[in-house]
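None of the figures in this text is laboratory data; all of them are computed from the coordinates on show. All of these numbers come straight from a predicted model, not from anything done at the bench. So basically every Cβ, Gly included, is an ideal-geometry build from the backbone, and we count neighbours across all protein chains shown.
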Amino acid sequence: MAAPTPPRAAATGPTVRPVDPGTNPDTDPGNETSLRTDAVTLGYDGRTVVDGLTVALPPGRITVIVGANACGKSTLLRGLSRLLSPQSGTVLLDGKDVHRYPAKELARRVGLLPQSPTAPEAVTAVDLVTRGRYPHQGFFQQTTQRDRDAVAEAMVVTGTLDLAARPVDELSGGQRQRVWIAMALAQQTDVLLLDEPTTYLDVTHQIEVLDLITDLNRSRGTTIVLVLHDVNLASRYADHLIAMKDGAVVAEGAPAAILTAERVRDVFGLEARVLTDPVSGTPMIVPMGRHHRQHRQHGQHAQHAQHGLAAPDADAPDAPAPERAPTTERAEPGDAVSGVPWAMRRLGDEQTADDTMPTPPPAPMPTETHPEPTTEPSAGAGPTRPHEEVRP
């Protein structure tokens with residue numbers, strides 16, 4: 001059987017309804033698709049993962065779900081798409097139980113890209129993307145020009161058109177992921193659920209995919225629900241952020257309203273500082289690992305000791321450092337990170353109580369003259385530190 005001909009990019013893609021940037025998708029009559037859960041309980045083999053959860057996804061918005069591993073993010077997405085039947089409660093699409101929709105009708109309304117999709121053996125990239133058009137085809141599954149246009153558009157925007165004739169199982173992880181995303185886009189649903197769509201992608205393609213998803217939301221008003229592990233990307237791209245822990249929603253709302261150091265500690269068990277992203281203006285998480293916390297606390301202790309102050313509280317890592325008197329010391333690399341003078345960091349715990357510097361080894365005695373003190377040692381001199389005088 002001959003390999004299918006790769007689709008040509010359509011001169012004009014399918015008609016889409018532009019969304020005015022000032023339009024509120026929540027109240028726009030063209031964006032009435034709503035998806036929510038009502039006291040839904042989900043699990044596997046009698047084990048409950050999500051228990052009695054009620055959550056509403058804002059129509060026409062980008063919602064990102066974040067949380068630690070095994071907190072129920074993917075399970076919730078599977079329940080929303082009807083891949084997983086609730087143990088109790090209901091999932092409602094436009095007020096109707098999703099399990100009461102015919103399969104094809106639901107597939108025209110809700111699309112899902114699961115976490116680890118599996119392609120049929122030897123299927124080519126274009127064949128896989130074309131399968132996204134199945135819900136729109138008639139009884140005989142005949143491919144129309146509109147189907148071909150949708151497939152071509154999806155492959156162009158995901159950068160996969162040149163992979164069209166290649167078998168999916170021969171592609172790299174990143175290429176394969178982009179082909180799966182193209183299939184989800186070709187489905188052209190009102191609601192699109194994506195479970196970790198940036199998996200296997202390098203940082204450039206991560207940004208490109210999330211920009212593409214944002215374009216889809218802005219141009220068509222598609223309701224997007226993402227599961228992401230990168231909290232900073234979630235903060236950048238989410239209109240609505242949902243933080244989950246132990247199968248429950250602990251906070252939801254705009255990223256700027258719910259992303260705090262305390263909440264990051266509660267949800268992820270991670271000490272972090274929350275700053276403002278200089279590019280997007282959204283909250284940016286700066287994690288502090290154990291080694292970085294120890295280095296920072298050691299620097300604070302040394303700085304407080306220098307000024308005769310009490311040691312800082314170890315449980316308050318974000319406490320401001322004490323004011324320092326102006327100094328004429330030359331800044332050394334790393335000072336901006338820890339806020340501790342270079343010489344003090346080098347000395348560490350060896351610094352004496354009266355803050356004096358250890359005496360360096362003597363330099364060779366000059367034969368005739370006594371030059372001015374310098375920071376550069378003569379040949380054969382012992383090690384010196386910045387701003388130390390080499391005394392004869």
### Message
Let me check I've understood the local charge: for Val123, count other residues with C-beta under 15 angstrom from its C-beta, Lys and Arg +1, Asp and Glu -1. What total comes out?
### Response
0
## Note on the structure
For Val279, placing the label point 7 angstrom along Cα-to-beta-carbon and taking the range 221-254, residues whose amide nitrogen sits under 13 Å are 232-237
### Summary
At q = 0.15, 0.18 Å⁻¹, the log10 of I(q)/I(0) for the range 89-140 from a Debye sum over equal Cα scatterers comes to -0.57, -0.76
### Query
In square nanometres, what is one fourth of the surface area of the convex hull spanned by the alpha carbons of the range 41-122?
7.1 nm²
### Query
Assuming a viscosity of 0.692 mPa s and a temperature of 37 °C, what translational diffusion coefficient in µm² per second does Stokes-Einstein assign to the range 170-231, Rh being the Kirkwood radius over Cα pairs?
274 µm²/s
### Task
Just order 231-238, 51-58 by mean Cβ neighbour count inside 10 Å, highest at the front, would you?
231-238, 51-58
### Ranked by how many other beta carbons lie within 10 Å on average, peptides 126-132, 156-162 from highest
126-132, 156-162
